[in-house]
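To start, the structure itself, in structure tokens.
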Amino acid sequence: MLLYAAQGAPEGLLYIAVPAWFASQGVGADAIAGYIAVILLPWSFKLFNGVLMDRFTYAAMGRKRPWLIVAQLILIASLLWFASLAPPDNSLYWFAVAGFAVNFAGAFQDVAIDGMAIDILDEEERATANGLMWGGKTLGTAGFAFLSGRLIGDEGHGLAALATAFFVGLVMLAPLLLREREGEKLMPWSAGKASPRTRSVQVKRWWPLLKGVFLAMKRPASLMLAGGILVAFLAYGLKTAFSPALAVQKLEWSRELFTDRDATADLIGGLFGIFVSGWLADRVGPLKALGGALAGMALLNAAAIWFWSSGDFYLGYLLLYSVLFVLMSVCTYAIAMGQSQGSVAATQFSIFMALLNFGTSLGAGQLGWVRASGGYPAAFAACAALSLLAIGFYAVSVAFNQRLEHSTLLRDQEMRL
């Protein structure tokens, strides 16, 4: 939960506070959408991150912990670089490049955390744990959206980036001081050795790893799940891109008001993720909870087609969307973890998450032509349609998975994986 909070903190800075600052400086919606699309791209490379982490590690310190420590060091350095940038004039180039670097490190950190969760958590713990993890992330995003909005207003973006780097450094004490499994080295020079569990699942050669990933991903259930994730997060990327410009430039909210309200929405979503989402997913089932979240998002976006220009409605939109998005994300993570099995589980899960983030980046990049075709109503209509389409993909995926679970042949395949 703490590690996910440290992952969410840079998002509060990069995705909420800085775009709102750009909008208040007169930067256009399409330029802000381009910045968001670029800085989100590293999250689409998580497939390669997962392959590297499954193939290579310093096993004496754990399967994923060494990668996590290195990723957090790079994340801190990237935030310090971001803090050193001069305010934007006519170009957001260096902000996009530095934001790309921050997210490059964040993506490695994310894959390491998720891989560790898959290795350590029991199946019955996953929905609750994902609620806590995602709740921690949204609380980190909310807290640093609020804090960064205040610091940018007073001192420019540099102090906000420094505060974010300091927080990530504090959280880094957790992986520095806690072992992944009993008996492992705390540091390379410490006493300890690789655990039997780590040695038993570590892939030693490239070919078995690549073959295992191919066999796992070619299943119809995996393909349909991948499609559902991509489509669902296309809508989220589109919403992320248009929100700052719509609020600041169209609804005439101040930059501080937008960051405060968006941070409040994330805070409510985070608390919902911690206290409700995991319990709800366990009680009604991840697919039903996911379908309800997507249906709610479709209805909310459909209503926004007519009422988006009302400031009161858009505030309610932000609050409700955050809750529904957290529920959708928690259930997506739980379903994806359930379909990621065997020694290639981290790589397969990273493929699902890469599609999630590629969908977000791709969706953000489509804002220009969507707005040109019908303004903000067209953007809300596209979000509604994509949410409905995602429900179908998810339902077919789970139906295929249930059929395959009753197949002896598949169980033999899973054992080989």
task: Working only within the stretch 247-262, note down all residues that are assigned to a helix (DSSP H, G or I), surrounded by fewer than 24 Cβ atoms within 10 Å (Cβ to Cβ) and either at pLDDT 90 or above or out of contact with any Ser or Thr (no Cβ under 6 Å at 6 or more places or on another chain) (or both).
output: Gln249, Lys250, Glu256, Leu257, Asp260, Arg261
- prompt: Any chance the stretch 51-58 includes a residue that's farther than 19 Å from Ala165 by Cα, β-branched (Val, Ile, Thr) and touching a Leu at 6+ places or on another chain (Cβ under 8 Å)?
  reply: yes
- line: Output for Cβ contacts, cut-off 6 Å, separation at least six or different chains, first residue at pLDDT below 95 in the stretch 64-82, second in a helix (DSSP H, G or I) and of a type in the set (Phe, Trp, Tyr), reads Ala71/Phe108
- prompt: Do we find that Ile305 is of a type outside the set (Ser, Thr, Tyr), closer than 28 Å to Val18 by Cα, part of a helix (DSSP H, G or I) and at pLDDT 85 or above in this structure?
  reply: yes
task: Could you give me the residue pairs with C-beta distances under 8 Å whose first residue belongs to the stretch 37-53 and is in contact (Cβ under 8 Å) with a residue 60 or more places away in the chain, whose second residue is among the aromatic types (Phe, Trp, Tyr) and surrounded by fewer than 21 Cβ atoms within 10 Å (Cβ to Cβ) wherever it lies, and which are 6+ apart or on separate chains?
output: Val38/Phe100; Ile39/Phe100; Leu41/Phe100; Pro42/Phe100; Pro42/Phe104; Phe45/Phe104
message: Looking at Leu147, Leu176, can you tell me which residue is in contact with a helix residue (DSSP H, G or I) (Cβ under 7 Å, 6 or more places away or on another chain) and under 14 Å from Gly12 (Cα atoms)?
response: Leu147
field: Subset of the stretch 52-106 [more than 18 Å from Phe22 (Cβ to Cβ), under 18 Å from the mean Cα position of the chain (by Cα) and of a type in the set (S, T, N, Q)]
entry: Gln72
query: Restricting the search to the stretch 114-162, which residues are among the β-branched types (Val, Ile, Thr) and within 25 Å of Phe272 (Cα to Cα)?
result: Ile118, Ile120, Thr128, Thr138, Thr141
Hits in the stretch 51-69 (condition: part of a loop (DSSP other than H, G, I, E, B) and under 15 Å from Ser190 (Cα atoms)): Tyr58, Gly62
field: Complete set of residues in the stretch 288-314 that are over 25 Å from Ala129 (Cβ atoms) and crowded, with 18+ Cβ neighbours inside 10 Å
entry: Ala298, Leu300, Asn301, Ala304, Trp308, Tyr314
- request: Residue by residue through the stretch 362-380, note down the ones that are among the hydroxyl-bearing types (Ser, Thr, Tyr) and either buried (at least 24 other Cβ atoms within 10 Å of the Cβ) or free of Cβ contacts under 8 Å to residues at least 60 places away in the same chain (or both).
  value: Ser373
statement: Of the residues in the stretch 153-194, those that are in contact (Cβ under 8 Å) with a residue 12 or more places away in the chain and either farther than 20 Å from Ala77 by Cα or not in a helix (DSSP H, G or I) (or both) number 16
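The values are calculated or read from the model by the stated rules, or taken from the named source; none is laboratory data. These numbers come from a predicted model, not from an experiment. Don't worry about glycine lacking a Cβ; one is built from the backbone with ideal geometry, like all the others, and counts go over all protein chains shown.
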